[in-house]
1. Apply the a/c threshold of 1.5 to the C-alpha gyration tensor of region 2-263 and tell me whether it is rounded, prolate or oblate.
2. How many angstrom lie between the Cα centre of region 91-132 and the Cα centre of region 160-217?
3. With θ taken as phi - 60° and the coefficients 6.51, -1.76 and 1.60, list the Karplus ³J(HN,Hα) couplings across region 264-275 in order, rounded to whole Hz; mark glycine and proline as x.
4. Modelling each spin label as a point 7 Å along the Cα-to-Cβ direction, I'd like the D100/K366 distance in nm, to one decimal.
5. Need one word for region 211-342: rounded, prolate or oblate. Basis is the Cα gyration tensor (sqrt eigenvalues a ≥ b ≥ c); a/c below 1.5 gives rounded, then a/b vs b/c decides.
6. Could you check which residue among K136, K354, K262 shows the biggest mean-square fluctuation in a GNM of the chain with a 10 Å Cα cutoff?
7. First measure r as the distance between the Cβ atoms of K401 and E275, then evaluate 1/(1 + (r/R0)^6) with R0 = 41 Å and state the FRET efficiency to the nearest 0.05.
8. Which stretch or stretches of region 391-432 have amide N atoms under 16 Å from the point lying 7 Å from N226's Cα along the Cα→Cβ direction?
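None of the figures in this text is laboratory data; all of them are computed from the coordinates on show. Owing to the predicted nature of the structure, the values given are computational and were not obtained by experimental measurement. Glycine gets a Cβ as well: all are built from the backbone with ideal geometry, and neighbour counts include every protein chain shown.
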Amino acid sequence: MLHIGLDDTDSVKGGCTTWLATEVIQELSEFDLVDYPRLVRLNPNVPWKTRGNGAVALTLGKGIGSKKLIGELDGKPFFIFEKSAEKKYDKEQILERVLDLIHKHSMPDSEPGVVISDSFLPEGLYWQGVSNIVTKDMLLESIEGTVSSGLRGSRGIFGAACSLAWSGSFSKVNGISHTWELIGYRNQDNWGTKRNIESSAVRKISNIETVFSCTDLDGKVAMVPNSPCPVLWGFRGTNKDKLIQNFDKLGPEIPSRWLLYKTNQATDDHLRSKEISKIKDGDSVNIEVSVTSKSTIIKGGHRFFEVQDKFNQTTNCAAFEPTKNFRHIVDKLEIGDLLIICGSVNNGTINLEKLRILSLVPRFLKPANPICVCGQRTHSSGKESYYRCKSCSKKYDRPEKVVASSGLELKWYEPPASSRRHLSTPISLMHY
Ligand SMILES: [Zn+2]
């Protein structure tokens with residue numbers, strides 16, 4: 001089979017590697033798609049990542065047997081075939097044709113890479129790339145037998161190779177091996193202009209079961225990007241057929257292309273369980289901790305608090321302003337609450353992606369001081385001691401503590417979809 005990996009063709013100024021993949025599919029039209037196109041997100045913490053750090057892998061061959069519609073590019077339907085046969089190709093020639101497209105369409109400040117392979121690459125390369133850093137040695141060992149090239153430094157070869165190493169068949173973290181995204185692309189004339197998608201239509205499709213990350217809880221649209229890229233919207237879910245059946249409800253702007261991707265988004269593949277003493281900048285972790293300080297607010301509305309793991313090692317956690325109401329959950333935490341925290345480590349602080357409350361210490365309201373028979377309010381004579389009236393010196397027992405509600409439940413909490421990481425599993429999909 002012909003496997004093509006692509007990465008790092010876009011930048012904050014525009015472009016999109018998935019759109020370039022649709023160009024590649026059109027260019028190589030003598031081939032059929034014999035597996036789902038794969039959109040693979042890699043370590044969100046690498047310092048040189050492009051916007052979403054997403055690479056694309058295509059598997060091409062000669063399709064046989066029954067076929068299924070998975071995309072439409074400028075009026076032409078594209079199918080995936082149930083079975084496939086080998087089709088002869090020359091890797092060098094394919095590379096030249098793909099590089100031509102990259103020359104034409106990649107952003108000038110990107111460092112694109114392409115890898116052409118006859119097979120999937122070893123899965124270990126993917127796990128390294130999603131949760132850690134792939135070294136040059138690891139890369140060279142993994143891409144032996146492939147042909148690869150790139151532009152302007154070709155950093156994208158790393159991501160392109162990692163995407164060819166992701167099969168989407170395994171889960172290390174929470175049982176979710178893959179999800180789906182149906183991406184709609186804009187007519188080229190519209191690139192850079194405001195996208196015309198009714199929020200009422202988005203709300204309607206966001207209620208479909210198995211669909212996720214269309215809107216924030218407050219109704220804000222999360223599936224329509226604001227960048228000048230070719231993407232009109234990204235429709236995500238765990239059931240691919242529901243996406244194909246419902247995307248045409250989005251409008252009035254309609255996509256000139258759409259394509260279904262199998263993806264590692266929402267799998268939590270980037271998270272690793274670690275002791276606090278072993279975490280380092282760039283890690284994404286899930287750790288069981290107890291809260292050791294109340295949250296403090298700094299300028300800009302960011303929240304910080306301290307936690308400790310079972311080895312009594314402490315670290316700081318942060319919930320930044322874009323996490324919106326998630327910060328109010330953090331504000332309600334008390335010292336002694338037990339949590340599972342998920343997030344990435346930056347400057348020695350864990351930036352929270354979500355948290356699960358395992359147990360809550362009791363909360364108490366401070367009861368009102370008793371009123372003396374003489375009508376004066378009494379005063380406490382010290383911690384755990386009685387109350388005393390200052391005018392007639394009568395003593396009173398401390399009133400019973402009043403149990404207060406924490407305002408929290410033993411469950412997962414997360415920031416809104418629009419500030420969520422692509423790799424982070426939304427809590428609607430968490431099984432526990
Ligand atoms: Zn009194």
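1. It comes out rounded by the Cα gyration axes.
2. Here the two parts' Cα centres lie 22 Å apart.
3. For region 264-275, the Karplus curve yields 8, 4, 6, 9, 6, 4, 7, 7, 9, 7, 9, 6 Hz.
4. Here the answer is 7.7 nm between the modelled labels.
5. Taking the square roots of the gyration eigenvalues as a ≥ b ≥ c, region 211-342 is prolate.
6. Maximum among the listed residues: K136.
7. On the way: r = 36 Å, r/R0 = 0.88.
With a Förster radius of 41 Å, E is 0.70.
8. Answer for this model: 416-421.
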